[in-house]
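This report concerns only the one structure given below.
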Amino acid sequence: MTKVLVLAEAKNGKLRSVSFEVLTVASRLAADGEISACVFGSDAERHSKELSKYGAQTIYIAENEELDDYTPDGYKQALLEVIEEMNPDVILTGHTSIGKDILPRIAARLDKALFSDCINIETDDGIIFTRPIYSGKAYQKKKVHDDVVIATIRPNNMEAVENPVTAEIIKLPVTITDLRAIVKEVVSKSNGKVDLAEAKVVVSGGRGVKSAKGFEPLQELAGLLGGAVGASRGACDANYCDYSLQIGQTGKVVTPDLYIACGISGAVQHLAGMSSSKVIVAINKDPEANIFQVCDYGIVGDLFEVVPLLIEEFKSALE
Ligand code: FAD
């Protein structure tokens, strides 16, 4: 009987959609076993209904205002208490900035391996993880037989499937001590309403966008399609936009349904962050640009002509 624990993540008072995707993975892994979720913060209980809709049979809640914002020490203490309480065989969360930060700490504490950025999980006499390696150029499949298996799951990669159950809620009176970092204020750098890591459509700009103002049509296009704006490091380095928009090996990893790359050459480090997008459209005036090797649809042209045309077309189609 496999016992799976999912660390659910809330942002701006709402559960992140990756938490539902991870719960769906948990349902597959647990089979007839037990699926538990944990969620932290002073109003964490409000999320229990949604968590049970996606299969969480037991929900551990650490209602503590010191957990309202993520801190490595606070989350580590709370998660270790949940682990001690339920003794899971598998611990999962999203491959988000929090997931990437907390699970290595937990793995180190439990002296177990961590499988990060998994894009598929199967079972066959052990758990088999698929994860990208060499900046997404190849995929590694790894079968694990550990007594405790720890993994982060790439957002937007597996479909969240509802699996409603009646959940038992367990409140843990977690005492947080010795916080070495305290969050005083959270300042959002991205102006978009849609979270870049979870967006279904991403319109990205590179050095070809030429200026901060050059990003405005991209923002308009992303807004029309209900998506978010991303960028290459070239654009961030040139100060056209904030580094919080950077996609790639040293930026965010995205897997949207549609990725529109505007004025991006397609360096391997950029591809590492977006090559698993379901449909890739590239707009570049250089027909030899590497981005055309990975895209599904390529438009050789000036982005300052092509993007306004796309905006016009989508506007009339959406009317
Ligand atoms: P360029 O390579 O300069 O490409 C600009 C493109 O715009 C060109 O192809 C050009 O033809 C096109 N263009 C110009 N004008 C127009 C126009 N009017 N219309 C249409 N097309 C036009 N990069 C990342 O993106 N993400 C990362 O995470 C990342 N991590 C890195 C980590 C390391 C260790 C290193 C060494 C590099 C990393 N890089 C990363 C940088 C990467 O190698 C590239 O330098 C960067 O991706 C280039 O950005 P770019 O494509 O915007 O710029």
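The values are calculated or read from the model by the stated rules, or taken from the named source; none is laboratory data. Small disclaimer: the values here were computed from a predicted structure and weren't measured. With ideal geometry, Cβ positions are generated from the backbone for all residues, glycine too; neighbour counts draw on all protein chains shown. Surface accessibility is based on the protein's heavy atoms, side chains included, excluding ligands, DNA and RNA. Shrake-Rupley method; radii C 1.70, N 1.55, O 1.52, S 1.80 Å.
Structure above, values below:
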{"quantity": "Those residues of the stretch 68-98 which are touching a helix residue (DSSP H, G or I) at 6+ places or on another chain (Cβ under 8 Å) and in a helix (DSSP H, G or I), in sequence order", "calculated": "P72, G74, Y75, K76, A78, L79, L80, I83, I98"}
{"quantity": "For A62: the one exception among (1) modelled with pLDDT of 95 or more; (2) over 22 Å from the mean Cα position of the chain (by Cα); (3) open to solvent by 10 Å² or more (accessible area, probe 1.4 Å)", "calculated": "(3)"}
{"quantity": "Residues that are modelled with pLDDT of 90 or more, buried (at least 18 other Cβ atoms within 10 Å of the Cβ) and not aliphatic (A, V, I, L, M), drawn from the stretch 117-162", "calculated": "D117, C118, F129, R131, P132, T152, R154, P155"}
{"quantity": "Index of the failed condition, V187 passing every other in (1) more than 21 Å from G251 (Cα to Cα); (2) part of a loop (DSSP other than H, G, I, E, B)", "calculated": "(1)"}
{"quantity": "Condition met for V22 (open to solvent by less than 10 Å² (accessible area, probe 1.4 Å), part of a helix (DSSP H, G or I) and either among the hydrophobic types (A, V, I, L, M, F, W, C) or more than 23 Å from R154 (Cβ to Cβ) (or both))", "calculated": "yes"}
{"quantity": "Pick from the stretch 253-269, criterion out of contact with any His (no Cβ under 9 Å at 6 or more places or on another chain) and open to solvent by 10 Å² or more (accessible area, probe 1.4 Å), ranking: nearest to I119 (Cα to Cα)", "calculated": "D257"}
{"quantity": "Test: residue in the stretch 109-123 that is assigned to a helix (DSSP H, G or I) and either over 18 Å from the mean Cα position of the chain (by Cα) or in contact (Cβ under 8 Å) with a residue 40 or more places away in the chain (or both)", "calculated": "yes"}
{"quantity": "Test result for Y243, within 12 Å of the ligand (Cβ to nearest atom) and at negative phi", "calculated": "yes"}
{"quantity": "Boolean, R207 is in contact (Cβ under 8 Å) with a residue 24 or more places away in the chain, surrounded by fewer than 24 Cβ atoms within 10 Å (Cβ to Cβ), under 22 Å from the mean Cα position of the chain (by Cα) and under 18 Å from M274 (Cα atoms)", "calculated": "no"}
{"quantity": "Positions within the stretch 249-267 being within 6 Å of the ligand (Cβ to nearest atom), farther than 19 Å from A222 by Cα and touching a residue at least 24 places away in the same chain (Cβ under 8 Å), in sequence order", "calculated": "Q249, S265, A267"}
{"quantity": "Breaking point among (1) away from the ligand (no atom under 14 Å from the Cβ); (2) under 29 Å from F304 (Cβ atoms); (3) open to solvent by less than 100 Å² (accessible area, probe 1.4 Å), for T177", "calculated": "(2)"}
{"quantity": "Selection within the stretch 210-241 - open to solvent by 10 Å² or more (accessible area, probe 1.4 Å) and in contact with a strand residue (DSSP E or B) (Cβ under 8 Å, 6 or more places away or on another chain)", "calculated": "Q219, L225, G226, G227, V229, S232, R233, Y240, C241"}
{"quantity": "Hits in the stretch 268-316 (condition: more than 9 Å from the ligand (Cβ to nearest atom), aliphatic (A, V, I, L, M) and over 26 Å from K213 (Cβ atoms))", "calculated": "V279, V294"}
{"quantity": "In the stretch 210-235, residue nearest to the chain's Cα centre (by Cα) [restricted to those that are within 8 Å of the ligand (Cβ to nearest atom) and hydrophobic (A, V, I, L, M, F, W, C)]", "calculated": "A231"}
